[in-house]
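Undergrad: My structure is below; once you've seen it, I'll send some questions.
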Amino acid sequence: MRLTCPHCGPRDSREFKYFGDAKTARGDDFASTYLRDNPAGEHAEIWQHISGCRAWLEVVRNVTTHKVISVKEAGQ
Amino acid sequence: MRYSALEVIKQGLTGNKSWRPVWRTPAPKPSYDVVIIGGGGHGLATAYYLAKNHGMRNIAVLEKGYIGGGNVGRNTTIVRADYGQKGNSAFYSHSLKLWNGLSAELNYNVMFSPRGLLELCHSDGQMEAYNRRANTILARGDKAEMLDRNGVTDFAPYIGMNNERFPIKGALLQRSAGTARHDAVAWGYARGADALGVDILQNCEVTGFDIRGGVVHGVETTRGVIKAAKVGICVAGRSTQVASMAGMRLPIESHVLQAFVTEGLKPFINTVINFGVGHFYISQSDKGGLVFGGDLDGYNSYAQRGSLGQVEHVAEAAMSMIPAMGKSRMLRSWGGIMDMSMDGSPIIDSTHIKGLYFNGGWCYGGFKAIPASGSAYAQLLATGAVPDYASAYKLNRFETGHLINEEGTGAVPGLH
Ligand SMILES: Cc1cc2nc3c(=O)[nH]c(=O)nc-3n(C[C@H](O)[C@H](O)[C@H](O)COP(=O)(O)OP(=O)(O)OC[C@H]3O[C@@H](n4cnc5c(N)ncnc54)[C@H](O)[C@@H]3O)c2cc1C
Ligand SMILES: [Zn+2]
């Protein structure tokens, strides 16, 4: 799997660290900590380009086909 | 037909003409007392114990694919009872006891082989931690021992002891742990349940629930509506989808775990070895293939296949632990969808809907749990209460704070 970092271009997924569901990434209540939609389709998720520019990214990916739909800077 | 050595000889002498399929292919009945969703190890075991221990007969197991097509037929078959947390330790200890009698119980050879589990330690701190773990295991009455460096070399001489990065200091050895034949477990429980009258309905996907006034009345399936007074969800990696049809949002994420097997080799690896710091474990199947794996791929996935990054990692770890493995060829790799719970431990509980029960969150450790989980879930479905040994696996423990986090990694399902 490859992610196209907006700064560095297409890179192997091993350069990135996964931080899970983008929807619940910021919350600190019970539901955001413990409950997940866990869809079998498109999933918005946070990744960090740790072995590259270290930017935090929001990736939309189909978790059934592993097709990457979009990558942008997180929080934008 | 009862299986025995005599039967094998009799059939062999008469051209093997009288073997029959070991379970029926019935048409769905309009209604059952209990419907189990998911024909994996846990679903089939639950149906078997409902019939065997609780005398129920009007039961169906609904499987969207075929028996053995899910994780029960994809796992690396390690059976162990080395858990340290309260809640887990009693449960897995009970399960290991059931494994020992399982072939006789089912009259089906599940090939349980207690060949031992060796967990390698690489630092003084880790030795201390494993000493504590071993004492916890001993204190509850199970077996564990600590080996020093020489002990490891004596027990498993093929392990490379010159690892510069992770020098081996010793290991925890649980001789009563081992492996079993995964397909046989699915088939054995299916056969046993069928013989007690359970209908096993394959190619029957549950697509919705009939819930009225907070009470479940049945399920909608690809083979029509089936009424039931009690419904048990037992669908491993698909837990979220099925529970969401009943309006539930679960503390679970689905991740892919891969496994690998080499060509068949002569007996070489005598035990199960866990090389924790290398994120690698291995055993050798009775057919001779080296069966091994590592960690999850690390991101949400419903694809029953993994990425090449893990393949490379696992091959590297294998080479650093057992350099001789470099001469063998990898034959196949595959993946299964893990129902990763937020604390790494499972759930066996009733739900807020009357008559609807949930069993899931087995992560990558649910094969060894099959006998204990099946009997606990059967008791819950039959009587409304789980046995003591499974009483910690509550659905609301994430809210009440009674987490069972064996790895101490927090609410990050990909890390358990
Ligand atoms: C690569 C790998 C290695 C593993 N190694 C080990 C190990 O060494 N030791 C260990 O203890 N555990 C291990 N596990 C974990 C273990 O396999 C699982 O925890 C366990 O098998 C899950 O329970 P199950 O057998 O009931 O699941 P499954 O066999 O997956 O059964 C669930 C069933 O539900 C069905 N289903 C889903 N949705 C529906 C629906 N809507 N309607 C009807 N049916 C449905 C599925 O088709 C499936 O057959 C491993 C898993 C994998 C993938
Ligand atoms: Zn970058």
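Undergrad: With Rg and the Kirkwood Rh both taken from Cα atoms, where does Rg over Rh land for the stretch B:81-172?
TA: Numbers: Rg = 15.6 Å, Rh = 14.8 Å.
Value, to two decimals: 1.05.
Undergrad: In whole angstrom, how far apart do the alpha carbon centroids of the stretch B:11-84 and the stretch B:200-272 sit?
TA: Spelled out, the Cα-based centre of one part sits 13 Å from the other.
Undergrad: Report, in degrees rounded to the nearest 10, the 0 to 90 angle that the Cα long axis of helix B:370-383 makes with the longest principal axis of chain B.
TA: Between the helix axis and the principal axis of chain B, the angle is about 30 degrees.
Undergrad: Let me ask something else. Which one, B:268, B:101, B:168, projects farthest toward the positive side of the charge dipole computed for chain B from Cβ point charges (K/R +1, D/E -1)?
TA: Of the listed residues, the answer is B:101.
Undergrad: Pairs of Cα atoms under 8 Å, at least six residues apart: use those to get the relative contact order of the stretch A:2-73, whole percent.
TA: Across the stretch A:2-73, relative contact order equals 30 percent.
Undergrad: Chains A and B: buried accessible surface, both sides, probe 1.4 Å, rounded to 100 Å²?
TA: Values: alone 5080 and 18170 Å², together 21180 Å².
Counting both chains, the buried surface is close to 2100 Å².
Undergrad: Mind jotting down the distance between the C-alpha centroids of the stretch B:319-364 and the stretch A:13-67, whole Å?
TA: 20 Å
Undergrad: While we're on this one: Which angle between 0 and 90 degrees, to the nearest 10, do you get for helix B:88-100 versus the longest principal axis of chain B when only C-alpha atoms count?
TA: Value to nearest ten degrees: 80.
Undergrad: Same structure, new question: Using only Cα atoms, find the angle between the long axis of helix B:308-321 and the longest principal axis of chain B, and express it within 0 to 90 degrees, rounded to the nearest 10.
TA: That helix lies at roughly 40 degrees to the long axis.
Undergrad: Exactly which GluC sites (Glu not before Pro) in the stretch B:364-416 are in a DSSP loop and have at most 13 other Cβ atoms within 10 Å?
TA: Loop-located and lightly packed - B:407.
Undergrad: Follow-up question, since we're still on this one. Hey, what did chain B get for relative contact order, percent, Cα under 8 Å, at least 6 apart?
TA: 22 percent
Undergrad: Give the cysteines in the protein assembly as shown for which no other Cys Cβ lies under 4.7 Å away, or write none if there are none.
TA: A:53, B:121, B:204, B:234, B:363
Undergrad: Going through the stretch B:205-295, which chymotrypsin sites (Phe, Trp or Tyr not before Pro) have at most 16 other Cβ atoms within 10 Å and a DSSP loop state?
TA: Passing sites in the stretch B:205-295 are B:268.
Undergrad: In chain A, once you exclude exposed trypsin sites (Lys or Arg not before Pro) (DSSP loop, at most 10 other Cβ within 10 angstrom), what's the longest stretch remaining? List each step's numbers first, then the result.
TA: Values: sites that count: A:26, A:54.
Longest stretch, sites excluded: A:27-53.
Undergrad: What share of Cα pairs, in percent, lie more than 32 angstrom apart in the protein assembly as shown?
TA: Details: 52139 of 120786 pairs.
Value for the protein assembly as shown (Cα pairs over 32 Å): 43 percent.
Undergrad: What accessible area per residue comes out for the stretch A:2-73, rounded to a whole number of Å², with a 1.4 Å probe? Don't jump to the answer; show the numbers that get you there.
TA: Details: 3720 Å² over 72 residues.
Roughly 52 Å² per residue, with all protein chains present.
Undergrad: Please go through the stretch B:229-290 and write out the trypsin sites (Lys or Arg not before Pro) that DSSP classes as loop and that have at most 13 other C-beta atoms within 10 Å. Present the calculation step by step, with values, prior to reporting the outcome.
TA: Values: sites: B:230, B:238, B:249, B:287; in loops: B:249, B:287.
Hits after loop and neighbour filter: B:287.
The values are calculated or read from the model by the stated rules, or taken from the named source; none is laboratory data. Computed from a prediction, not measured in an experiment: that's the story for all the values here. Using ideal geometry, Cβ is built from the backbone for each residue, glycine included, and neighbour counts are taken over all protein chains shown. With ligands, DNA and RNA removed, areas are computed over all heavy atoms of the protein, side chains included. Shrake-Rupley method; radii C 1.70, N 1.55, O 1.52, S 1.80 Å.
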